[in-house]
Amino acid sequence: MDEVTLCPKPRFLVIPWPATSHMIPIVDIGCLLAAHGAAVTIITTPSSSQLVQSRVDRAGQGSAGVTVTAIPFPGAEAGLPDGCERTDHIPSPDLVPNFFVATARFGEAVARHCRRLPTATAAHPRPSCVVAGMCHTWAHGVARELGAPCFIFHGFCAFALLCCEYLNTHRPHEAVGSPDELFDLPALPPFEFRFARRQLPIHFQPSSSIPEDRHRELREFELAVDGIVVNSFEELEHGSVSRLAAATGKAVLSVGPVSLCGAAAPPSLLDSRANSDDARLCMAWLDAKRADSVLYVSFGSAGRMPPAQLIQLGLALVSCPWPVLWVIKGADTLPDDVNEWLQRNTDGSGLPESQCLALRGWAPQVAILEHPAVGGFLTHCGWGSTLESVAAGVPMATWPFSAEQFLNEKLIVHVLGIGLSVGVTKPTESVLTGAKDGGGKADADVGMEQVKQALDMLMDGGADGEARKTKAKELKAKS
Ligand code: UDP
């Protein structure tokens, strides 16, 4: 009997939730499984397949066992515009329910695809495990038909999932009188956390653009799966991994930081979406700066501020003494006067002597954070960005926008001591939380002085600043 029949390769079906920031780590997880000898099929949609494939290619030799399969996304049937296949393509909150309808039909197409898989052989066994993005509730049925276990990947850290589990079980947010009233969330004693309801993820908001029955389905899916995969590591979670396993009764596998799987690749390959000219420009600009002197500012794959808020942030950035690398999303939708202000006050061409480099496209974030010139990160606390900052040993100033980012802020600032809060209390609306104009007409909640003070503390915070830096370096080593 040959070795293959004795021990067939495990085969994984990996189905990313179609949002850029979810796809990045789950594709990396697929590549890591392949690097450990598994056969991996990543199922995606046509407009994301190139993004997925280039992420796979970036992982190099180790990802040879990965196949990317594109299955058509029935967006038009569900009333979505052409090419709308990812959450970041949804043009308005009104279309969020349509997007969920389309993803449910996509699930039916995936199930049909799986039924047509060729008869299993020793060399090509049927999938032995499904790993699915958090809103692909139908994946559990697909896994059961295949006779395989189903693992969920939320993209959240274990601490945030533990908080969500506490909220689902004890529902303290329902006892408050207003969305601003603070309540206790004692999910990880002895740490004490207080939140306002409006700071919680969308499924704990009284009204959102996601229909109620979808929320119910999402919860049923979470309860039905066999285990949870988190892009994190034990030392970062202060016991949240085992507490989450105990609270849910499920296996919780912490497999991160998965961004390190491409760490040996050159910067131009570190992020397949980064235009290589932009990547080169950023790296050359950083090369001209002193070690630990640069403040990196970015709010994730899609984070946009109302124009008035953006100007307050901009005033703080251009007046601080450190060189700033500022990634601005949605610049094409900003009013003309704001764009003119940006043009006058920032540099887009990467002159080595410029103090504020503004990048309007996709930044090679992992490479930027790893650059020795970067000394601090102003972040929206998305988990991907948080973990990339941890892996690079860079302390953070926290400005949560939405989703589970206010939960992550507590982990960064109060549990890990590697960041300080800018002091933002209100979420910044996005298409999924329902603001029709992306909060475009809103006033600035956070003034320039408040931002400046936090950045001063981050970059030059005396003994506290040194302590944050030391802890960040320790966590880098552990990661
Ligand atoms: N990212 C990037 N370049 C950009 C913006 C984002 O490489 O210009 C990556 C970042 O490295 C991270 C992901 O996109 O991997 C953002 O994920 P996160 O969870 O931080 O935020 P989200 O986009 O979900 O709000």
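The values are calculated or read from the model by the stated rules, or taken from the named source; none is laboratory data. Remember, predicted model here, so these are calculated numbers, not experimental data. We place every Cβ from the backbone using ideal geometry, glycine too, and count neighbours over all the protein chains shown. Ligands, DNA and RNA are excluded from the accessible area calculation, which covers all protein heavy atoms including side chains. Shrake-Rupley method; radii C 1.70, N 1.55, O 1.52, S 1.80 Å.
Take the residues in segment 344-371 that are small (Gly, Ala, Ser) and in contact (Cβ under 8 Å) with a residue 60 or more places away in the chain; name whichever of them is nearest to the ligand (Cβ to nearest atom). In this case the residue turns out to be 363. Could we say that residue 110 is open to solvent by 20 Å² or more (accessible area, probe 1.4 Å) and hydrophobic (A, V, I, L, M, F, W, C) here? When the stated conditions are applied, residue 110 does not pass them. Do the conditions hold for residue 94, that is, is it among the acidic types (Asp, Glu) and touching a residue at least 40 places away in the same chain (Cβ under 8 Å)? So residue 94 passes the test. For residues in segment 2-43 being out of contact with any Asp or Glu (no Cβ under 9 Å at 6 or more places or on another chain), among the β-branched types (Val, Ile, Thr) and open to solvent by 10 Å² or more (accessible area, probe 1.4 Å), which is modelled with the lowest pLDDT? Only one residue fits best here, namely 4. Would it be correct to say that residue 369 is part of a helix (DSSP H, G or I) and crowded, with 20+ Cβ neighbours inside 10 Å? In short, yes. At least 3 residues being surrounded by fewer than 19 Cβ atoms within 10 Å (Cβ to Cβ) is the threshold, and among the strands (runs of 3 or more DSSP E) wholly inside segment 175-238 those reaching it are 182-184. Taken over segment 314-326, the residue count meeting the criterion of being assigned to a helix (DSSP H, G or I) and surrounded by fewer than 22 Cβ atoms within 10 Å (Cβ to Cβ) is 3. For segment 242-266, filtered to residues that are out of contact with any Pro (no Cβ under 6 Å at 6 or more places or on another chain), at pLDDT below 95 and outside any loop (DSSP other than H, G, I, E, B), the residue that is nearest to the ligand (Cβ to nearest atom) is 259.
The single condition among (1) open to solvent by 40 Å² or more (accessible area, probe 1.4 Å); (2) closer than 15 Å to residue 136 by Cα that residue 102 does not satisfy is (1).
Screening 439, 417, 423, 376 for residues that are open to solvent by less than 30 Å² (accessible area, probe 1.4 Å), modelled with pLDDT of 95 or more, small (Gly, Ala, Ser) and in a loop (DSSP other than H, G, I, E, B) leaves exactly one candidate, 417. The set of residues from segment 386-400 being open to solvent by less than 10 Å² (accessible area, probe 1.4 Å) and not aliphatic (A, V, I, L, M) comprises 386, 389, 393, 395, 398, 399, 400. If you go through segment 398-426 and keep only what is in contact with a Cys (Cβ under 8 Å, 6 or more places away or on another chain) and of a type in the set (S, T, N, Q), you end up with 398, 405, 408. Do the conditions hold for residue 57, that is, is it open to solvent by 60 Å² or more (accessible area, probe 1.4 Å), on the phi < 0 side of the Ramachandran plot and not aromatic (Phe, Trp, Tyr)? Against the criterion (open to solvent by 60 Å² or more (accessible area, probe 1.4 Å), on the phi < 0 side of the Ramachandran plot and not aromatic (Phe, Trp, Tyr)), residue 57 qualifies.
Considering only residues that are polar (S, T, N, Q) and touching a Ser or Thr at 6+ places or on another chain (Cβ under 8 Å), which ones fall in segment 277-331? Even if it seems obvious, please write down each step before you answer.
Taking segment 277-331 as the starting set, the residues that turn out to be polar (S, T, N, Q) are 293, 298, 301, 309, 312, 319.
Those that are polar (S, T, N, Q) and touching a Ser or Thr at 6+ places or on another chain (Cβ under 8 Å): 298, 301, 309.
In this entry, residue 79 is excluded by the filter for residues that are touching a helix residue (DSSP H, G or I) at 6+ places or on another chain (Cβ under 7 Å), over 16 Å from residue 136 (Cβ atoms) and at pLDDT below 90.
I'm trying to understand the selection: among the residues of segment 327-362, which are assigned to a helix (DSSP H, G or I), closer than 17 Å to residue 316 by Cβ and open to solvent by less than 20 Å² (accessible area, probe 1.4 Å)? Can you show your working first?
Going residue by residue through segment 327-362, those that are assigned to a helix (DSSP H, G or I) are 331-333, 336-345.
From the residues that got through so far, the ones that are closer than 17 Å to residue 316 by Cβ too are 338, 341-342, 344-345.
Those that are assigned to a helix (DSSP H, G or I), closer than 17 Å to residue 316 by Cβ and open to solvent by less than 20 Å² (accessible area, probe 1.4 Å): 338, 342.
So, in segment 382-405, how many residues would count as being at pLDDT 95 or above, within 8 Å of the ligand (Cβ to nearest atom) and part of a loop (DSSP other than H, G, I, E, B)? Residues in segment 382-405 being at pLDDT 95 or above, within 8 Å of the ligand (Cβ to nearest atom) and part of a loop (DSSP other than H, G, I, E, B): 2 in total.
Here is a check on your reading of the model: is residue 466 in a helix (DSSP H, G or I), more than 15 Å from the chain's Cα centre (by Cα), under 21 Å from residue 295 (Cα atoms) and of a type in the set (Asp, Glu)? Spelling it out, residue 466 is indeed in a helix (DSSP H, G or I), more than 15 Å from the chain's Cα centre (by Cα), under 21 Å from residue 295 (Cα atoms) and of a type in the set (Asp, Glu). Out of segment 298-335, which residues are in contact (Cβ under 8 Å) with a residue 60 or more places away in the chain, small (Gly, Ala, Ser) and under 24 Å from residue 453 (Cβ atoms)? Of everything in segment 298-335, those that are in contact (Cβ under 8 Å) with a residue 60 or more places away in the chain, small (Gly, Ala, Ser) and under 24 Å from residue 453 (Cβ atoms) turn out to be 298, 300, 303, 308, 316, 319. Could you grab me the full set of residues in segment 124-151 that are in a helix (DSSP H, G or I) and either under 13 Å from residue 10 (Cα atoms) or open to solvent by less than 10 Å² (accessible area, probe 1.4 Å) (or both)? Scanning segment 124-151 gives 139, 142, 143.
Which count do you get for residues in segment 282-313 that are in a loop (DSSP other than H, G, I, E, B) and more than 16 Å from the ligand (Cβ to nearest atom)? Lay out the reasoning, then the answer.
Within segment 282-313, the subset in a loop (DSSP other than H, G, I, E, B) is 288-293, 299-306.
Then drop every residue that is not more than 16 Å from the ligand (Cβ to nearest atom), which leaves 288-293, 306.
Counting residues in segment 282-313 that are in a loop (DSSP other than H, G, I, E, B) and more than 16 Å from the ligand (Cβ to nearest atom) gives 7.
For residue 295, the test of being under 14 Å from residue 451 (Cα atoms) and open to solvent by 40 Å² or more (accessible area, probe 1.4 Å) is failed.
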